[in-house]
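Input: a single structure, listed below in structure tokens.
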Amino acid sequence: MLDLAHISAFAELRSIGDGRGVIARERRGIAIATVMARKGQGAALAAAVKEQFDVNLPLGPHGSGSDATSFLGTGPGRWLVTHDAGTPRFVDSLAQQLDGLASVVDQSDSVGLLRLTGPALLDVLAKGVAIDLGATAFPAGSVAVTQIAHMGVTLWKVDEAPTFHIAAARSMAGSFLHWLEASAALAGLAVE
Amino acid sequence: MSTSYRLASGGLIDRSRPVSFTFDGKTYGGYAGDTLASALLANDMMLVGRSFKYHRPRGIFSAGPEEPNALVTLRSGARAEPNTKATTVELFDGLDASSQNCWPSPHFDLRAVHQLAGPLLNAGFYYKTFMWPAAFWEKFYEPAIRASAGLGALSALDDPDTYEKAHAFCDLLVIGAGPAGLAAALSAGRAGARVILAEEDFVLGGRLLSDTTQIDDVSAASWAAVAEAELAMMPHVRILKRTAVFGAYDGEYGAIERVSDHLPVPPPFMPRQRLWKIVAKQCVLAAGAQERPLVFPGNDRPGIMLASALRTYANRFGVSPGQRIAIFTTSDDGWRSASDLQKAGAEIAVVIDARAEVAPDVRKLAGNALQFLGAHVSDTSGYRRLTNITITDSAGQTRSVAVDTLGVSGGWSPSIGIATHLGGKGNWSEEKSAFLCSDMPPGMQIAGAAAAQWTLADALEHGALAGAKAASHVGLGLQTQKPIVASDEASGNNPVWLFKGSRRKAFVDLQNDVTATDVALAAQEGFRSVEQLKRYTTLGMATDQGKTSNVNGLAILAGEIKKTIAETGATRARPPHVPVAIGAFAGLHTARHFKPTRLTASHAASAAANTTFVEAGQWMRAQWFNAPGETDWLQSVTREVKAVRSGVGICDVSTLGKIALCGSDVGTFLDRVYINTFSTLPVGKVRYGVMLREDGFVMDDGTTARLSTDHYVMTTTTVNAGKVMQHLEYCHQVLWPELDVQMVSVTEQWAQYAVAGPKSRDLLRALLGDAFDVSNEAFPYLACGEFHVGNIPLRLFRVSFSGELAYEIAAPAGHGESLFNALMQAGKAFDVTPYGTEALSVMRIEKGHVAGSELNGQTVARDLGLGRMMSVKKDYIGRTMAAREALIDPDQPTLVGLRPVDRSQRLRNGALLFARGVTPAPDTNAGFITSTAFSPGHNHWIGLGLLARGPERHGEIIRAWDPVRSGDYELEVIDPVFIDAEGARLRA
């Protein structure tokens, strides 16, 4: 049978510089889907998500969910759903669960996902992100669809450590790493 | 033997840390905490350069960023930085600087002969002097002027350093960390505000570092250090030293941080400079003020300096710039300088004040120095250093006094430039003798000397108040502040703009060599507005932007045109307030990182196969694959085309835009955006579509597949992917929000490969086995399907751009490289050939498919031979406008095929088309060649073109005229489909 190995988007992620100013890890094997409410089905969708995932569907730029499945608000009637539990064909089953309420499109391979933390992280992100990521303006749970070094990214703050998850276009992973390395090397980029 | 001008004690330099540096190749010593200027002065190096136009000897004039004279080239080789102000350069061990605009040295400069031509070099001289003979201007005069003009020279080598950009957000941005700025930052910081305190200098304190005043019973400099320590402890306060705010923009400020300019070479990974974009809710501009020089004959000799700068060198750097000093002032502040210099141990020979009356307690400041009131300096002498001044006293008597240094003090000009960047303008205050700004950008306050609050006590009080106000504006409570107790000093001033005396030049702008006579000449010749004066005389247009000269210049102009200073007004300040390296604006985005690069899943595998890539927007695409022995691109491309036409080839087409469209109304939606009908498209089928702009011209084309009842996937051209997505979002969100349509880009999700050629089905059958039936019966032309191999979803489309039996197979991008390799592996048995965009292009031209060269924004569907696709049964975007008279005119150039009458003739894109026998001219032009290719099948060049009445002219011989490339040949007009016109191969 046809055997198609998978290559992760950030396979080239590497440590650079001395120190652990930023600690990075690629989140691999995550199922990702864009979920878009069907016309007039917003409330029903929220109810279904509450019932089936016990998640309050966020109505703004916030994320909510469990460790396994998170719903991130990325636009009006639009969410990025990430699933970290390795369920085979998760996106297909999500589409069935939300059938008639939302259109579900697989994006698992469209982005690479990084988990970033470390004492210098906010200073490093400030070299790319043009929005205020401080605790007051962007508390844990906040989501932003923005750009870094002319590349579209979705980022969300997991905790105030701070820890961020960042999704960047797969085809631009090399350019994204160039930005990350150049920006974080002085404080040290450590890959776990 | 040079003298040391370093005082035995005092100053804020660290005498335990000696530093060695070189200037013009000679080694000198200084201390940590020195600037290059203070260290040069300590080593008796007053003369450091030559003036711009006359090459007159010039010395260090100021102690800060307003410096007009002491411009040096810092470092050498690729890191050489010309026009650096020695007064702002932080001394470091190993610093290497050199003088500029002089040859061979500042002490002996051959170009000083320019001074002999002085009478000819007045304002606007180049408009007047070099009029004849006219031909000489371009050949001789201009090159000669250019050769002798300019200051330092660029290295012309690549910049070895890196730059970066950063964003910051705060409640309050405080610009300047002098007394007002520190007080503002303290009161806002104590109230809990997020504060950014930006200071251009490498030490906080501003004038506090230069004065001997007391605050809260400690020295001003100590108070600044305590304030800094308190601010540093506040977690919500960020102190940016070596950071100059250079501009106010809408809601944000630009600042440049000199991160490693004070180090010999930036350490690994450290940028040289960092460009900050600061978003601040409130701003306190506490940029201080600059002392104004006085304009009098012979006022530019080395040794003549701002009086406050002399004070700075003594108090902050422990340097007395001269041995015998005179002070010439119109202000009380000049007397303070005299006092401080005396206290530091310098000899003050004489104080000359233009005012007839000076308060006794002010006069006391001069100690036992000779005093002249109502007097002025009317002449000076000394070539490389001041030796004598001539004083004209109140009775008109003159006398000469031997001094080597003259401090001049004409009052202070508030630094309000940044406050006027958004359109505000300074207003002249007679009371303060200064331009003040009252219409600041939203959220900005001005405090301290920048608001003409001249005394230390005033500056501290107003600074603290401004900080507290800013904190309350962002919703923090007004906190009672412990008052800061400071000494109050005299600050009277009565400016005199021009002193008469000898016939020597009286300079207004030292850097651009503009004299009082030049200003008068400009006024006389009708340049009576300050903006005209500036441009005609170049006053204030040098690298210092006239920080010490603008006010004097316009005041002298006001006198000439008999107007008040308020009526005359000031020139407009524009960002940047200080020069900013272009590299800082580029940041990381240089060379190949100029823009992000997008790589397809097969990139690594293709690169390993010796592939030449081409940029397509941000994407890198394989252009052709270089096989062993091939030396020419055409060789490679021809091989690839032949291989596809006779066997099977693989091409990465992942870069095409892919948009998922979902919902129950997608059919309706597509009917409205495409010219042809899609609501009738069955599940499992693909259709080619063309969409128009609202003005009726073709926007893009591509195929849309219906994967299931409510799920379609549209493809766009690579370059238009973003534009089409934006267009569709607009159509849905603004025009037809009632439709149940959801859309999202899936370009990144899928790696997609064209598998083309008569053996493509065999290859796919070998690859997929039982996983999917690719027979013609089960999967005919324009079919599409989704299936899984294991848990991996795959998509197959039977579409063809090449005109051959062809498929496109897609896998999630993470599996894309494996799929490419699997296709190559399965294709071995069929001698599979990877092909690039050039072969793709050759084959689409042979097939008569239009692409970017034809979809050029100036063609309608009819021009492209697609007129019959335009549905008459429905409305769609662009339908009405496409029916405009000119767009349906048969004379409109229309798609044709072209082949050379002489089959050996090469065709080139862009050649113009004419009827045979017609003289080429704009009004006889009938079209042009849009695309050309060497057709391996026909063994000659072919082309597509847009030709007036094209379809009627098949068989006609026309003329191609290509004057740019000396081409003039005959073409036969034929059908644009060069191969398989009936489409048998597609459906095989």
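Odds and ends about this structure:
- Electrostatic tally near B:Ala193: other residues with Cβ closer than 10 Å to its Cβ, Lys and Arg +1, Asp and Glu -1, net +2.
- Comparing B:Phe296, B:Thr717, B:His236 along the charge dipole axis of chain B, the residue lying farthest to the positive side is B:Phe296, per the Cβ-charge model.
- Neighbour-count order for B:Arg916, A:Arg89, fewest beta carbons within 10 angstrom listed first: B:Arg916, A:Arg89
- Only Lys, Arg, Asp and Glu carry charge here, each on its Cβ (+1 for the first two, -1 for the last two); on that basis region B:351-475 has a dipole of about 280 debye about its Cα centre.
- About its Cα centre, the protein assembly as shown has a charge dipole of approximately 1620 debye under the convention of +1 per Lys or Arg Cβ and -1 per Asp or Glu Cβ, with nothing else charged.
- Gyration tensor verdict on region B:574-727 (Cα atoms; rounded if a/c is under 1.5, prolate if a/b is larger than b/c, oblate otherwise): oblate
- Given A:Lys127/B:Lys277; B:Lys658/B:Lys847; B:Lys658/B:Lys685; A:Lys127/A:Lys157, the pairs whose alpha carbons are separated by over 20 Å: B:Lys658/B:Lys847
- Each Cα pair under 8 Å and six or more residues apart adds its sequence gap; the mean of these over the residue count of chain B is a relative contact order of 9 percent.
- Most to least packed among B:74-86, B:732-744 [average Cβ atoms within 10 Å]: B:74-86, B:732-744
- Counting only other chain Cβ atoms within 10 Å of each residue's Cβ, the peptide A:126-139 averages 4.
- Sequence-distant residues sharing a close amide H with B:Met444 (under 5 Å, placed H): B:Cys283
- Approximating the spin labels as points 7 Å out from Cα along Cα→Cβ, the B:Asp902-to-B:Thr398 distance works out to 8.6 nm.
- Shielding of B:162-172 by partner chains, average beta-carbon count, 10 Å: 4
- Of B:Gly189, B:Pro682, B:Val245, farthest towards positive along the dipole that unit charges on Lys, Arg, Asp, Glu beta carbons give the protein assembly as shown: B:Val245
- A simple spin-label model places pseudo-atoms 7 Å from Cα toward Cβ; at B:Ser529 and B:Lys500 they are separated by 3.2 nm.
- Per-residue mean of foreign Cβ neighbours for A:6-13 is 3 (Cβ atoms of other chains, 10 Å radius).
- Here region B:465-606 is assigned +1 on the Cβ of each Lys and Arg and -1 on the Cβ of each Asp and Glu. Its dipole about the Cα centre then comes out at about 420 debye.
- The aspartates and glutamates within cross-link reach of B:Lys505, meaning a Cα-to-Cα straight distance under 15 Å and a gap of 8 or more places when in the same chain, are B:Asp300, B:Asp379, B:Asp513, B:Asp518.
- Legend: distances between Cα atoms for B:Lys85/B:Lys482; B:Lys534/B:Lys563; B:Lys425/B:Lys482; pairs beyond 29 Å are B:Lys85/B:Lys482; B:Lys425/B:Lys482.
- The aspartates and glutamates within cross-link reach of B:Lys595, meaning a Cα-to-Cα straight distance under 17 Å and a gap of 8 or more places when in the same chain, are A:Glu181, B:Glu164, B:Glu615.
- Region A:135-192 and region B:587-644: distance between their alpha carbon centers, rounded to Å: 30
- Rel. contact order, % - alpha carbon contacts under 8 angstrom, at least six apart, chain A: 31
- Think of the protein assembly as shown as a dipole: +1 on every Lys or Arg Cβ, -1 on every Asp or Glu Cβ, centred on the Cα centre; then among B:Leu74, B:Leu898, B:Gly702, B:Leu74 lies furthest on the positive end.
- Going from the residue with the fewest nearby Cβ atoms within 10 Å to the one with the most, A:Leu2, A:Leu80, B:Leu533 rank A:Leu2, A:Leu80, B:Leu533.
- GluC sites (Glu not before Pro) restricted to region B:891-988 and DSSP loop, no more than 16 other C-beta within 10 Å: B:Glu956, B:Glu982
- Separation of the alpha carbons by more than 27 angstrom is noted, of B:Lys642/B:Lys723; B:Lys432/B:Lys562; B:Lys241/B:Lys343; B:Lys241/B:Lys432, for B:Lys642/B:Lys723; B:Lys241/B:Lys343; B:Lys241/B:Lys432.
- Legend: helices of chain B (whole DSSP H runs) are marked when their alpha-carbon atoms reach 18 angstrom or more along the helix axis and their mean Kyte-Doolittle hydropathy is at least -1.0; marked are B:220-233, B:456-473, B:633-646.
- Qualifying GluC sites (Glu not before Pro) in region B:510-561, where qualification requires a DSSP coil assignment and no more than 15 other C-beta atoms within 10 Å, comprise B:Glu525.
- Shown for B:Val673, B:Val644: other C-beta atoms within 10 Å of each C-beta, ranked fewest to most, produce the order B:Val673, B:Val644.
- Segments B:885-896, A:173-184 sorted - mean Cβ within 10 Å per residue, highest first: A:173-184, B:885-896
The numbers here are math on the coordinates, done by the rules we state, and not lab data. This one's a predicted model, so the numbers in the text were calculated from it and none came from an experiment. With ideal geometry, Cβ positions are generated from the backbone for all residues, glycine too; neighbour counts draw on all protein chains shown.
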